[in-house]
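To start, the structure itself, in structure tokens.
The values are calculated or read from the model by the stated rules, or taken from the named source; none is laboratory data. Quick caveat: nothing in here was measured; it's all calculated off a predicted structure. No Cβ is skipped: glycine too gets one built from the backbone with ideal geometry, and neighbour counts run over all protein chains shown. Heavy atoms of the whole protein, side chains included, go into the accessibility calculation; ligands, DNA and RNA do not. Shrake-Rupley method; radii C 1.70, N 1.55, O 1.52, S 1.80 Å.
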Amino acid sequence: MNILLVDDDNLSRSSLASFLTDFMGHKVRECSSGSEALELLQQEYYPMLLTDLMMPGMNGMDLVKKVKQDPRLKMMDVVIITGFGKMQSAIEALRNGAYDYLLKPINVDELANVVEKIANHQHLIAENRILQTEFDQKLTESTQEMRAKLVDLQTMYAEIIGVGKVGIFSEAMKNIASLAGKFHQDRSVPVLIQGETGTGKEILAKMIHYGDGDVTAPFISIN
């Protein structure tokens, strides 16, 4: 797991990095300030951020707040390192989104336990992200398939009722077809269609009756 370690104390930071790398097998990137950490986080994603609380410039608390406000970094787990006299600050860090805190001097067993818990947590997050991506893909495919089937059914329905192969080319017929759609929406309007035999009066009547296929009541033609 990639870990970003932030501490202005070079000796302390180096010791922690050696333990995490040599004894736990993780990859550790070191930096000495909160502002430098933010720059590194813009370049590469780190599942875990381990930061000292008291640092000059941007302290660990401010760093936690900025990390948790960034949508790209909100799933990253942050652990605060603090002295015993700063317990209230550690609690505040947890409220701001930190995963856990460690008291100085750091107990390596406690550190190892927290890192392992975070590794498992990040593994679950990665699995969930993969499952969500697969679900979204399946949902998109199913939606597209259902839309295609709906179009096929509407086409078949239109052919069954006799309006599926009607060609409308002139502006006058387009206006009439548009008017038929409006009459279909307002069922309270009585409609009289006049014209010579073979001009398509019954087809137009079916267009008014069936619309886009949202009507199941039968169309009854009386000659």
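Remarks
- Under a Gaussian network description of the chain, with springs only between Cα atoms under 10 Å, the residue in Asp77, Asp52, Asp136 that fluctuates furthest is Asp136.
- Full extension of the segment from Glu202 to Gln43, taken as 0.36 nm per residue of separation minus the current Cα-Cα distance, would add 50.4 nm.
- The translational diffusion coefficient of segment 1-74, from Stokes-Einstein at 20 °C and 1.002 mPa s with a Kirkwood hydrodynamic radius over alpha carbon pairs, comes to 174 µm²/s.
- Scaling against 2.2 N^0.38 Å puts the C-alpha radius of gyration of segment 60-120 at 1.11.
- Rough spin-label spacing in nm, given labels placed 7 Å along Cα→Cβ, for Leu124 and Asp186: 6.0 nm
- Sites Lys149 and Phe219, calculated FRET efficiency, Cβ-Cβ separation with R0 35 Å, nearest 0.05: 0.90
- Remark: spin-label model distance Gln69-Asp22 equals 3.9 nm, labels positioned 7 Å along the Cα→Cβ axis.
- Projected onto their three principal axes, the Cα atoms of segment 24-108 cover extents of 34, 30, 24 Å, largest first.
- Matching label, Rg and Dmax of the Cα atoms in Å computed from the structure shown, candidates (i) 16.5, 48; (ii) 17.3, 52; (iii) 34.0, 100: (iii)
- Assuming charge only on the beta carbon of Lys and Arg (+1) and of Asp and Glu (-1), the dipole of the chain about its Cα centre is about 800 debye to the nearest 20.
- Solvent-accessible area, 1.4 Å probe, carbon plus sulfur percent, for the chain: 54 percent
- Length gained on full extension, Ser14 to Glu141: 40.7 nm, using 0.36 nm per residue less the C-alpha separation.
- Taking trypsin sites (Lys or Arg not before Pro) across segment 27-126, the ones in a DSSP loop with at most 10 further Cβ atoms lying within 10 angstrom of their Cβ are Arg72, Lys74.
- Largest GNM mean-square fluctuation across Ala172, Ala90, Ala112, computed for the chain with C-alpha springs under 10 Å, falls on Ala172.
- Spacing of the two label points (7 Å from each Cα toward its C-beta) at Leu103 and Lys117, in nm: 1.5 nm
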